[in-house]
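Report on the structure given below.
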Amino acid sequence: MTDVVPLRALALVCSLKPSPAPSSSDLIARQLLEELGKHGVTGAVVRVVDHDVKPGVELDMGDGDAWPAIREQLMAADILIVATPTWVGHMSSVAQRVLERLDAELSETHESGKPLVTGKVAVTAVVGNEDGAHKITADLMQGLDDFGFTIPAQGGTYWNDEAMGSRDYLDLDETPEAVASTNATLAENAAHLARLLKTSPYPGT
């Protein structure tokens, strides 16, 4: 690959399991980073639960709040991946907290009034052994769009076990073809869109 604008991605893994516990959300996030790497994107993973991210809707909640350091990585990235497990049919509480902290971006704007994150691309990944992936994807995308991120075509990937199943994504012997294909399409579309927005930003940004 030659003469391409370099891009960076940040994956926020919203597992409830702290490192180094195995995590299906971490696995699918790393798979997406691997696919993005094929399109000139480098990246990093942050497992949010490993850090003391305080509840709240401000940029910095003080008293050792870890969110400002995570946000610094976010602001240096072109693509945001939010990966979450499914719990009781919903995103994890960690993912919900990430959305709540991102709400502060509505007040961090360019002179035009557009959020500073305008022009950054966001994608989602959901895993679980119960139903809920479509609803979680919709909730995540709605919030990310509200905050100013741009969602690419087919910007969400997911895996659910069969109804009433007990397997986790990381228990699979291999990635199902449908998921692998979706991951590849997501990465290609996200990298393409992020590169377009980096070379031709939205007006006022």
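The values are calculated or read from the model by the stated rules, or taken from the named source; none is laboratory data. This one's a predicted model, so the numbers in the text were calculated from it and none came from an experiment. Backbone-built Cβ (ideal geometry, glycine too); neighbour counts: all protein chains shown. For the accessible areas, the whole protein counts, side chains as well, though only heavy atoms, and no ligand, DNA or RNA atoms are used. Shrake-Rupley method; radii C 1.70, N 1.55, O 1.52, S 1.80 Å.
Observations
- For the range 140-169, the candidate set comprises residues that are open to solvent by 60 Å² or more (accessible area, probe 1.4 Å) and part of a helix (DSSP H, G or I); within that set, the residue that is nearest to Q96 (Cα to Cα) is Q142.
To keep it simple, each residue is scored yes or no on (1) in contact with an Asp or Glu (Cβ under 8 Å, 6 or more places away or on another chain); (2) polar (S, T, N, Q); (3) within 14 Å of A125 (Cβ to Cβ).
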{"site": "A9", "(1), (2), (3)": "yes, no, yes"}
{"site": "L16", "(1), (2), (3)": "no, no, no"}
{"site": "S24", "(1), (2), (3)": "yes, yes, yes"}
{"site": "A29", "(1), (2), (3)": "no, no, yes"}
{"site": "L59", "(1), (2), (3)": "yes, no, no"}
{"site": "M75", "(1), (2), (3)": "no, no, no"}
{"site": "M91", "(1), (2), (3)": "yes, no, yes"}
{"site": "A95", "(1), (2), (3)": "no, no, yes"}
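- Pick from the range 176-205, criterion outside any helix (DSSP H, G or I) and open to solvent by 50 Å² or more (accessible area, probe 1.4 Å), ranking: farthest from L116 (Cα to Cα): S200
- Condition check for L16: buried (at least 20 other Cβ atoms within 10 Å of the Cβ) and in contact with a strand residue (DSSP E or B) (Cβ under 9 Å, 6 or more places away or on another chain): no
- Residue that is surrounded by the fewest Cβ atoms within 10 Å (Cβ to Cβ), among those in the range 25-58 that are more than 16 Å from the chain's Cα centre (by Cα) and within 28 Å of L196 (Cα to Cα): K38
- Within the range 92-120, the set of residues being touching a Gly at 6+ places or on another chain (Cβ under 8 Å), buried (at least 19 other Cβ atoms within 10 Å of the Cβ) and outside any loop (DSSP other than H, G, I, E, B) comprises L99, R101, L102, E105, P115.
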